[in-house]
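Worksheet for the structure shown next.
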Amino acid sequence: MSQISKKQLSILARRVSVALESGIDERKIWQREAEAARGPSAVVFGAIAAALARGDSIGDAIRQSEGFFPPLAVALVALGEETGKLPTVFRRLADHYEHSIRLRRVFLAGLIWPAIQFTAAIVIVGFLIWILGAIAESRGPAPYDILGLGLRGNTGLLIYVAFWSVLFAAAIGLFFLIRSRVLWIQPAEVASIAIPGVGRCIKTLCLSRLSWSLGLSLEAGMDARHAVPFALRASGNHYFARHEPQVSASLGAGEEVYVALVRSGAFPADFLDALQVGEQSGRLDETMLHLADDYQDRARVALVTLTTIAGFVIWGLVALMIIAILVNMVSGYANFIEDLANPHR
């Protein structure tokens, strides 16, 4: 079964949190959700309502939904139920996914115009390949090769369309592979942190998620020995998740969270300073949640930076296409002049 979207999950978590805080019985809440839902959601919510009616816990009911809910939500709901903080967990989940949706909208909005320009450039070049070939067929001379790559007429247009179709299909396939978190993507995630400009933005986004997950899990009552590895996995990047065995071993040996994370060498000084203060004051959960808010603000700025970089990359591709056309035209014109100057060459 496909996973619930972030928008649907944020709305669901908000409704459930409000209902729980109002004192409504959770069996009635999920029965109402099942009656109001459509499609796969109705099936899942109905199964959850039935499980609750049998006396199962909400954590077990959601865990049995076959991947419909993301692992982060499943783990936190089970924890919230165990510690009696289920309304808080659902409210925090709603805030988290609403923030993720806002970030995604900022990123997509920044890419719309460059993407339109890029698509227009591709379409225009394809049209020129076709129309110049059609003109040549009607008037006799050989079709003009606008890109200098031997793409002329209908055959050239077919090759051109096939090239971009394969490229876009590969990009879409790579996107879904990254989302599926296949193992061979992990080295690419680590390498992405080292990319100038881009790496810092990605790291900020991951630290925002990690801080939020750590703060919420500690607030919900999870022991630090389990909360820190959980937060490392929840960061969404193998750059942090790869340190889980080392950090877990350090925490299991009785070391402080600050010491365990310092030894990993993966965290910036400002994060470690805040973590140390929170741990020494006994308010690590509160400190991490405040730090998560700070990183969320930084994440918005980082996403604008990523959008700008992606926009420049797209504009660069458009510029390369234009430059290739201009260079080919100038070269063709120079050859034409040279042929006129030396007719017997």
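Bear in mind these aren't lab numbers, they're just calculated from the coordinates by the rules spelled out. As the structure is a prediction and not an experimental result, all values here were calculated from the model. Cβ placement follows ideal geometry from the backbone for every residue including glycine, while neighbour counts extend to all protein chains displayed.
Work out how much length Arg104 to Gln246 would gain on full extension: take 0.36 nm times their residue separation and subtract the Cα-Cα distance, in nm to one decimal.
This chain segment gains 47.9 nm when fully extended.
With N denoting the number of residues in the stretch 218-291, provide Rg(C-alpha) divided by 2.2 N^0.38 Å, to two decimal places.
1.00
Hey, if you drop one equal point scatterer on each alpha-carbon of the stretch 180-253 and run the Debye formula without solvent, what base-10 log of I(q)/I(0) do you get at q = 0.21, 0.25 Å⁻¹?
Relative scattering, expressed as log10 I(q)/I(0), comes to -0.91, -1.11.
If each of Phe175 and Leu158 carries a label point 7 Å out from its Cα toward its Cβ, how far apart are those two points in nm?
Distance between label points: 2.9 nm.
Which aspartates and glutamates, if any, have their Cα less than 16 Å from the Cα of Lys28, not counting same-chain residues under 8 positions apart?
List returned: Asp56.
Please list 3J(HN,Hα) in residue order for the stretch 248-261, calculated via the Karplus relation 6.51 cos²θ - 1.76 cosθ + 1.60 where θ = phi - 60°; whole Hz, with x for glycine and proline.
After applying 6.51 cos²θ - 1.76 cosθ + 1.60, I find 4, 5, 5, 5, x, 7, x, 6, 6, 4, 4, 5, 4, 7 Hz.
On full extension of the chain, what length is gained from Ile322 through Gln186, given 0.36 nm per residue of separation minus the C-alpha to C-alpha distance?
45.4 nm
So what are the chain's ellipsoid semi-axes, whole angstrom, largest first, if each one is the square root of 5 times an eigenvalue of the alpha-carbon gyration tensor?
That gives 53, 27, 16 Å for the three semi-axes.
Would you kindly derive the ³J(HN,Hα) couplings of the stretch 63-73 from the backbone phi angles with the Karplus curve 6.51 cos²θ - 1.76 cosθ + 1.60 (θ = phi - 60°), listing them in order in whole Hz, with x for Gly and Pro?
5, 7, 7, 6, x, 5, 9, x, x, 4, 5
What does the extension gain come out to for Ser165 and Val123, with contour length at 0.36 nm per residue minus their alpha carbon separation?
Result for the pair: 13.9 nm of gain on full extension.
State, to one decimal in nm, how far the label point of Asp293 lies from the label point of Thr305, with both points 7 Å from Cα in the Cβ direction.
2.3
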